[in-house]
Amino acid sequence: MASLKEIKIRLASIRNTQKITSAMRMVSSAKLHHTQTIVEHMLEYESKLSAILRGTLSAESDMSSPYAAVREVKQVAIVAFSSNSGLCGAFNANIWKELTARLHQYEADGITVRIYPIGKKVADELHKAGYQTDDSFLTIGDKPAYEDASRLATALMELYISAQVDRVELLYHHFKNMAEQVLTEKVFLPVSLPEADSESASSNYILEPSAEQLLALLLPKVLHLNIYTTLLDTVTSEHAARMLAMQTANDNANDLIQELTLQYNKNRQQAITNELLDIMGGSGQ
């Protein structure tokens, strides 16, 4: 049976830890509300921009783009988005589990893979496992900026149009709500251009400049925006996962404090009872 002093030390330790996890939960909550607002607006903007692209180009029957060229897949680039720090539940573990499954499958199929880790956690796991990675964009998730996202998008687009890779994939968490972040796999390149629509074609769209120039202008913007919203989505999911993990830690700490407090009171009562019995026994003699 633990002594009263040992129980008091454990209680103090748990309460100190709870102060830290409570502070982390509040910080994550504040960051979550900030990034959630941004990502919701950016996703809506991306959706509208993509709709404009689809709507105007659906009237054209022979549109093409180097970013839409479909080739036999022999080389793949994977961009895996994780966090730079831990204490966010299974957030990073889920990314690593899915990434390793894909890497093993590509190895079995004889497909060469280039890996671009975003976030130190997935990069550390890749390095431990002996994989070679391109760490040029490792820390751009710290403070997501459109300029950094554009640099990454440009690098991936150049890889694709130069035929150094035949497909580019994104692996990240999509923020669904406060309690759920959905592990998402998305093909970044090649893009799927809208097919010609006879109803749209009969609407006699007048495109200024030409449809080809419009495609050349809008498509890279959509791709750059896609990477930026993915970065924001990942960071928002990370904050939500960390807030949930810290809330769970706080709840567990409360349970432990209640159990230890009950045990402390029982032990203290038993010690008092024993002391009284000793006194009474001594008086009887």
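The values are calculated or read from the model by the stated rules, or taken from the named source; none is laboratory data. As the structure is a prediction and not an experimental result, all values here were calculated from the model. Note that we place each Cβ from the backbone using ideal geometry, even for glycine, and neighbour counts take in every protein chain shown. Surface areas here come from the heavy atoms of the whole protein model, side chains and all, with no ligands, DNA or RNA. Shrake-Rupley method; radii C 1.70, N 1.55, O 1.52, S 1.80 Å.
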Problem set entry | Residue in the stretch 20-29 that is farthest from the chain's Cα centre (by Cα), counting only those that are within 20 Å of E180 (Cβ to Cβ) and either small (G, A, S) or not in a helix (DSSP H, G or I) (or both) | S29
Problem set entry | Qualifying positions in the stretch 132-151 - open to solvent by less than 60 Å² (accessible area, probe 1.4 Å), in a loop (DSSP other than H, G, I, E, B) and either in contact with a strand residue (DSSP E or B) (Cβ under 8 Å, 6 or more places away or on another chain) or in contact (Cβ under 8 Å) with a residue 24 or more places away in the chain (or both) | T133, D134, F137, L138, I140, G141, P144
Exercise. Is one or more of the residues making up the stretch 46-69 out of contact with any helix residue (DSSP H, G or I) (no Cβ under 7 Å at 6 or more places or on another chain), surrounded by fewer than 16 Cβ atoms within 10 Å (Cβ to Cβ) and under 30 Å from Q263 (Cα atoms)?
Worked result: no
Exercise. Can N94 be described as under 17 Å from K186 (Cα atoms), open to solvent by 40 Å² or more (accessible area, probe 1.4 Å) and part of a helix (DSSP H, G or I)?
Worked result: yes
Exercise. Do you know which residues across the stretch 158-194 are out of contact with any Phe, Trp or Tyr (no Cβ under 7 Å at 6 or more places or on another chain), of a type in the set (A, V, I, L, M) and in a loop (DSSP other than H, G, I, E, B)?
Worked result: A163, V165, M178, A179, L193
Problem set entry | Hey, V168 surrounded by fewer than 20 Cβ atoms within 10 Å (Cβ to Cβ), of a type in the set (V, I, T) and modelled with pLDDT of 95 or more or not | no
Exercise. Inside the stretch 205-254, can you point out the residues that are over 30 Å from the mean Cα position of the chain (by Cα) and either part of a helix (DSSP H, G or I) or touching a residue at least 12 places away in the same chain (Cβ under 8 Å) (or both)?
Worked result: Y205, L207, A211, E212, Q213, L214, L215, A216
Exercise. Hey, H173 hits all of (1) open to solvent by 20 Å² or more (accessible area, probe 1.4 Å); (2) modelled with pLDDT of 90 or more; (3) of a type outside the set (G, A, S); (4) within 28 Å of M243 (Cβ to Cβ) but one; which does it fall short on?
Worked result: (1)
Problem set entry | Residue match in the stretch 112-131 (condition: assigned to a helix (DSSP H, G or I), crowded, with 18+ Cβ neighbours inside 10 Å and either basic (K, R) or touching a Gly at 6+ places or on another chain (Cβ under 7 Å) (or both)) | yes
Exercise. Does any residue of the stretch 241-254 turn out to be open to solvent by less than 70 Å² (accessible area, probe 1.4 Å) and closer than 23 Å to P117 by Cα?
Worked result: yes
Problem set entry | Checklist (1) at pLDDT below 90; (2) more than 28 Å from E212 (Cα to Cα); (3) not in a helix (DSSP H, G or I) applied to V39, failing item | (3)
